[in-house]
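One structure is given here, and the rest of the page talks about it.
A short reminder: the numbers here are calculations on the coordinates, not readings from a lab. Since we're looking at a predicted model, the values are computed, not measured. Here Cβ is always computed from backbone atoms with ideal geometry, including for glycine, and neighbour counts include all displayed protein chains.
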Amino acid sequence: MASIPAVVWSGVIGATISASISLFGVRSANKGSLRRLREQHDYDREQANEQRQHDARQKEEDRKATIRREVYVKAVEEAHAVLAYIGGLRGRPLPPKDDDAALQVFLKANAKVWLVADVEGAALARELTSLMSELYIAAMQAANHVRHGMTSVRRQDERIEFAPGAAQGA
C-alpha cells in the first residue's frame, strides 16, 4: 500500500466519501418517497372504500326508489280503477259477479304501499284504504236499488231483441 501514491488514496477516499454521501442522499430520498407513496396508497384505499360504501348505499336507495315507484304507480292505477268501477256500479247487472274484485285488487295494491312507504305515507295509505272502503260500501248500497230496477229493464230488452230474431226465422 505504500507503493500507492497519496493522490490516488485521496481520490479513493474522496470517491468513497462522495459515494457514501450519495448513497445516504439516495436512501433518504427513497425512504421519503416510499413513505409518501405508502401514505398515498393508504389514502387512496380509504377513498376507494368510502366510494364503494357510498355507491352501495346509493344503489340500495335507487333500488328502494324503483320499488316504491312501481308500488305507488300500481296503487294509483288501482285507485283509479276502483273509482271507475264505483262510477259504473249502477249499470252493472244483478246478480253481482265479482262486485268486490276491484276493491280487493285496490286493497292488495295499497297494502304493498304500507310495506314500502315511510311512516307518514303508510298512515296516509291506511286512511285512503278506510275512505275507499267506506265509499265502496256506500256506493254499493246506493246503486243496489237502481240495479234491482234495471233487472226488469234488461229482461225486457232481451225479449225485444229475441222477438225480431224469432219473427225473421219463421
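Computed values, structure above
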item: Length-normalised contact order of the chain in % [C-alpha pairs under 8 Å, at least 6 apart]; result: 21
item: Lys/Arg +1, Asp/Glu -1 at C-beta; the chain dipole; positive extreme among 133, 80, 29; result: 29
item: Relative contact order computed over segment 30-124 (Cα-Cα under 8 Å; 6+ residues apart), in percent; result: 31
item: Counting all C-alpha pairs of segment 22-150, share separated by more than 17 Å (%); result: 71
